[in-house]
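Reviewing the structure listed below.
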Amino acid sequence: MNGLPPLNSTALLGVLGVGLVAGLLGGMFGIGGGLVIVPALIFFFDTPIKAATGTSMFAQIWPIGLLGVLAYWKRGEVIAPYGILIALGYFFGAYAGAKFVGVLDAVSMKRLYACFLLVMGCYLLWTAGAAPKPKAPPTQTEVTQAN
């Protein structure tokens with residue numbers, strides 16, 4: 001498939017490690033696919049960018065965040081209505097993005113992806129020392145406790 005060699009035991013452990021790191025960072029920062037999995041597959045496993053993106057999407061189909069969500073939910077740190085709307089948007093957005101990528105060549109996709117990472121990196125560096133923003137909307141627990 002895509003000219004990639006079959007997974008040997010070293011590669012199998014490496015790919016599993018990518019998932020573990022993506023899960024850890026996803027649990028900490030809400031990131032994973034585009035910022036962790038795709039670059040790792042490209043850099044460490046020489047995966048073509050489209051295959052890396054498709055593989056990342058495949059991994060995210062499964063309920064990978066369930067245990068992380070439960071931990072946040074127990075602490076009252078989940079805004080369920082936002083999460084539902086984001087998931088709905090992600091559902092349709094992922095399809096649209098996958099269709100769009102189908103018409104791009106690999107070079108254009110790499111450049112587009114590099115620009116995305118550059119913009120996000122600059123934004124995070126620029127805002128790292130900024131004053132905190134106003135308080136976020138109430139969490140599910142705060143809403144429940146108020147009623």
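Confirm whether residue 78 is surrounded by 12 or more Cβ atoms within 10 Å (Cβ to Cβ), in contact with a Phe, Trp or Tyr (Cβ under 8 Å, 6 or more places away or on another chain), over 30 Å from residue 145 (Cβ atoms) and not small (Gly, Ala, Ser). Walk me through how you get there before you give the answer.
Details: surrounded by 12 or more Cβ atoms within 10 Å (Cβ to Cβ): yes; in contact with a Phe, Trp or Tyr (Cβ under 8 Å, 6 or more places away or on another chain): yes; over 30 Å from residue 145 (Cβ atoms): no; not small (Gly, Ala, Ser): yes.
In short, no.
Could you please let me know if residue 92 is at pLDDT 85 or above and surrounded by 10 or more Cβ atoms within 10 Å (Cβ to Cβ)? Break it down stepwise before answering.
Details: at pLDDT 85 or above: yes; surrounded by 10 or more Cβ atoms within 10 Å (Cβ to Cβ): no.
Spelling it out, it is not the case that residue 92 is at pLDDT 85 or above and surrounded by 10 or more Cβ atoms within 10 Å (Cβ to Cβ).
Which members of the stretch 50-83 meet the condition of being of a type in the set (Val, Ile, Thr) and closer than 28 Å to residue 112 by Cα? Talk me through it step by step, then tell me what you get.
Looking only at the stretch 50-83, we keep the residues that are of a type in the set (Val, Ile, Thr), and these are 53, 55, 61, 64, 69, 78-79.
Listed by number, the residues that qualify are 53, 55, 61, 64.
Just need a number here: residues in the stretch 84-103 that are in contact with a helix residue (DSSP H, G or I) (Cβ under 8 Å, 6 or more places away or on another chain) and either aromatic (Phe, Trp, Tyr) or over 22 Å from residue 116 (Cβ atoms) (or both).
Here is the first cut: in the stretch 84-103, the residues in contact with a helix residue (DSSP H, G or I) (Cβ under 8 Å, 6 or more places away or on another chain) are 94, 98, 101.
Now narrow it down to the ones that are either aromatic (Phe, Trp, Tyr) or over 22 Å from residue 116 (Cβ atoms) (or both): none.
The qualifying residues number 0.
Go over the candidates 19, 76, 34, 83 one by one and state the one that is of a type in the set (Gly, Ala, Ser) and on the phi > 0 side of the Ramachandran plot.
It is 76.
Criterion first (modelled with pLDDT of 85 or more and either at positive phi or outside any loop (DSSP other than H, G, I, E, B) (or both)) does residue 125 satisfy it? Explain how you work it out, then say what you get.
Numbers: modelled with pLDDT of 85 or more: yes; either at positive phi or outside any loop (DSSP other than H, G, I, E, B) (or both): yes.
Considered against the rule, which asks whether it is modelled with pLDDT of 85 or more and either at positive phi or outside any loop (DSSP other than H, G, I, E, B) (or both), residue 125 comes out as yes.
The values are calculated or read from the model by the stated rules, or taken from the named source; none is laboratory data. Owing to the predicted nature of the structure, the values given are computational and were not obtained by experimental measurement. All Cβ positions, glycine included, derive from the backbone under ideal geometry; neighbour counts span all protein chains shown.
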